[in-house]
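Data block below; observations after.
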Amino acid sequence: MSIPSEPNPDLLEPVKVALTPQQRFNDYLQSRSMRNTEQRRSVLDCVFKQHDHFDAEQLLERLPAKGEPGHVSRPTVYRTLGEFVDAGLLRKFVLDGRSVYEHDYGYPQHDHLYCIKCEKLIEFQSEELLKLRDEVANSHQFQVRSHRLIISGVCQDCRKGRRRVRRKVDLI
């Protein structure tokens, strides 16, 4: 099962950050007296090589296979993804029972449209949505730290694909 995404580069410009993901992760590891191993660096490089949504299995497919130089074991990948989430580098959310990851560090607040047919994720930002969120929070005397919105439905491509060509015989 693939999680295609359509990031909109016009809307989702990277956020300037003081540290690279590697530096931030190294600080996280040092604060917990953990080593920055070759396997952790390999997973980090692979994750931040491109921006997309992925699950652990898709990440494992991108990494060197067993027996190849630079191979990272399945348990190490799962454990390292959890560390990236704890370090604030990745966000984790669940779609159809699967844990999906995306960049969080250096990437702006955004929401998603999720196609239940092709599993495409479309990222978007909405000032109106943020304003409504803040108004609702204020009316309840609630301080917002973050939010996550995933709207499920069917994308335009899938809706187009479902249309049948109307034949004269169908009109009778």
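The values are calculated or read from the model by the stated rules, or taken from the named source; none is laboratory data. Treat the numbers as computed from the prediction; the structure is a model and nothing was measured. Cβ placement follows ideal geometry from the backbone for every residue including glycine, while neighbour counts extend to all protein chains displayed.
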Check your understanding: Give me the pairs: first residue in the range 107-129 and among the aromatic types (Phe, Trp, Tyr), second residue part of a loop (DSSP other than H, G, I, E, B) and modelled with pLDDT of 90 or more, beta-carbon distance under 7 Å, and six or more apart or on different chains, which are they?
Key -> Phe124/His110
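Scan the strands (runs of 3 or more DSSP E) fully inside the range 75-172 and keep the ones with 2 or more residues being modelled with pLDDT of 90 or more and surrounded by 13 or more Cβ atoms within 10 Å (Cβ to Cβ).
90-95, 98-103, 111-115, 121-124
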Review point. When residues of the range 41-50 are filtered for being modelled with pLDDT under 95 and in contact with a Ser or Thr (Cβ under 8 Å, 6 or more places away or on another chain), how many remain?
Key: 0
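If you go through the range 82-99, how many residues are of a type in the set (A, V, I, L, M) and more than 17 Å from Ser146 (Cβ to Cβ)?
So in the range 82-99, the residues of a type in the set (A, V, I, L, M) come out as 85, 87, 89-90, 94-95.
Next cut, more than 17 Å from Ser146 (Cβ to Cβ) only: 95.
The total comes to 1.
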